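Below is one structure; the comments refer to it alone.
The values are calculated or read from the model by the stated rules, or taken from the named source; none is laboratory data. Predicted model only: the values in this text are computed from it and were never measured. Every residue, glycine as well, gets a Cβ built from its backbone with ideal geometry; the counts of neighbours run over all protein chains shown.
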C-alpha cells in the first residue's frame, strides 16, 4: 500500500531543526559545498541534498518507492526559474533541475534581502535548499495526483504544511537586475554595439545572459534581432535606432 505523504504537517520548530541538520550535514559531506556561499556545486551534491530531504522529511519514501526514477540536473540556461521538474510519463521518470545561473549571481554584487518561497535566505545553500523544497512539492503532487501546479491551493497547502513556505516565488538576483547593477542597462535602453566591423544602434528587448537588441533597418520598416554580451553594449542618448 502506497504511503500517503499528502497529509504530512510539521511544526515550524521541527522544520527549522531539520533544515539545520540537512544544512550542516551537506557542508560536512560535500567536496564542493564547503560554505554557505559555495562557489561550486555538482549534480551529486544536489542529489545528496534530495536524499537528505527524503530521509528526514519523508522517511525514505522516494528512495524506497522510486529508486532509480528520480534524476537531477544543473542548468546555466535557466535565467528566470530557480528550479523546475520534468516528468517523462511514458517511462515514469522525474528530473529535477536547479538554476546555477541564478544561484551563482545571487549573494554577490547585488546586496539586498533574498527570499525564496517567502523565506529569507542568507546564503546560496539556503536558497538552493528552498528551491529544492519547492520542486519536491511538485514531485509529491505528480506522484500522488498525476499533475502539479504551484498556483493551486493544494500545492500551497502542501508547501506550507511540510516546509513552512508562505509563498511560491523567489526573489533571487535575475540577469536583468544584475545588468542594471553592473552595466546600467535595462529593457528599453537604447544602445550601440560593434558587429562584423560595423556599428549598430538598437533597443534592448530582453536580457538573459546576453541582451537581445532590436535594430531597425534603414527604411524603418523591419527589425533585426542581435544577441550581444552586455559588456559590449554602450548607451546612446538619442532614440535613433537605425544602422
Revision key, fill the gap. Restricting the range 41-53 to residues that are in contact (Cβ under 8 Å) with a residue 40 or more places away in the chain and in a helix (DSSP H, G or I), the one surrounded by the most Cβ atoms within 10 Å (Cβ to Cβ) turns out to be 49
Check your understanding: Are there any strands (runs of 3 or more DSSP E) wholly within the range 71-120 with 2 or more residues that are under 16 Å from residue 40 (Cα atoms), and if so which?
Key -> 93-99
Practice item. Would you point out which residue out of 227, 223, 195, 200 is buried (at least 19 other Cβ atoms within 10 Å of the Cβ) and more than 29 Å from residue 61 (Cβ to Cβ)? Key: 200
Revision key, fill the gap. Exactly one of 72, 38 is more than 23 Å from residue 161 (Cα to Cα), in contact (Cβ under 8 Å) with a residue 12 or more places away in the chain, surrounded by 12 or more Cβ atoms within 10 Å (Cβ to Cβ) and touching a strand residue (DSSP E or B) at 6+ places or on another chain (Cβ under 6 Å), and that one is 72
**Study point:** Matching residues, the range 163-179, being under 28 Å from residue 215 (Cβ atoms) and not in a helix (DSSP H, G or I)
**Key:** 174
Point to revise | Residues located in the range 113-148, provided they are touching a helix residue (DSSP H, G or I) at 6+ places or on another chain (Cβ under 9 Å), over 19 Å from residue 161 (Cβ atoms) and in contact (Cβ under 8 Å) with a residue 40 or more places away in the chain | key: 114, 115, 124, 125, 126, 127, 128
Exercise for review: Confirm whether residue 101 is surrounded by fewer than 17 Cβ atoms within 10 Å (Cβ to Cβ), under 30 Å from residue 210 (Cα atoms), in contact (Cβ under 8 Å) with a residue 12 or more places away in the chain and assigned by TED's automatic domain parsing to the domain that holds residue 21.
Suggested key: no
Check your understanding: Among the residues of the range 105-120, how many are more than 15 Å from residue 134 (Cβ to Cβ) and at pLDDT 95 or above?
Key -> 1
Point to revise | Evaluation of residue 160 against (1) out of contact with any strand residue (DSSP E or B) (no Cβ under 8 Å at 6 or more places or on another chain); (2) over 19 Å from residue 50 (Cα atoms); (3) assigned to a helix (DSSP H, G or I) (one fails), failing number | key: (2)
Practice item. Using the structure shown, decide if residue 182 is modelled with pLDDT under 85 and part of a helix (DSSP H, G or I). Key: yes
Review point. Within the range 204-218, is there a residue that is modelled with pLDDT under 90, part of a strand (DSSP E or B), touching a strand residue (DSSP E or B) at 6+ places or on another chain (Cβ under 9 Å) and crowded, with 18+ Cβ neighbours inside 10 Å?
Key: yes
Check your understanding: Could you say whether any residue in the range 233-241 is part of a strand (DSSP E or B) and either modelled with pLDDT of 90 or more or more than 30 Å from residue 17 (Cα to Cα) (or both)?
Key -> yes
Exercise for review: Quick one: residue 137 ticks every box in (1) within 18 Å of the chain's Cα centre (by Cα); (2) outside any helix (DSSP H, G or I) except a single one, so which number is it?
Suggested key: (2)
Check your understanding: Any residue at all in the range 176-188 that is surrounded by 13 or more Cβ atoms within 10 Å (Cβ to Cβ), over 27 Å from the mean Cα position of the chain (by Cα) and in contact (Cβ under 8 Å) with a residue 24 or more places away in the chain?
Key -> no
Exercise for review: Please state which one of 21, 84 is assigned by TED's automatic domain parsing to the domain that holds residue 156, under 16 Å from the mean Cα position of the chain (by Cα) and touching a residue at least 24 places away in the same chain (Cβ under 8 Å).
Suggested key: 84
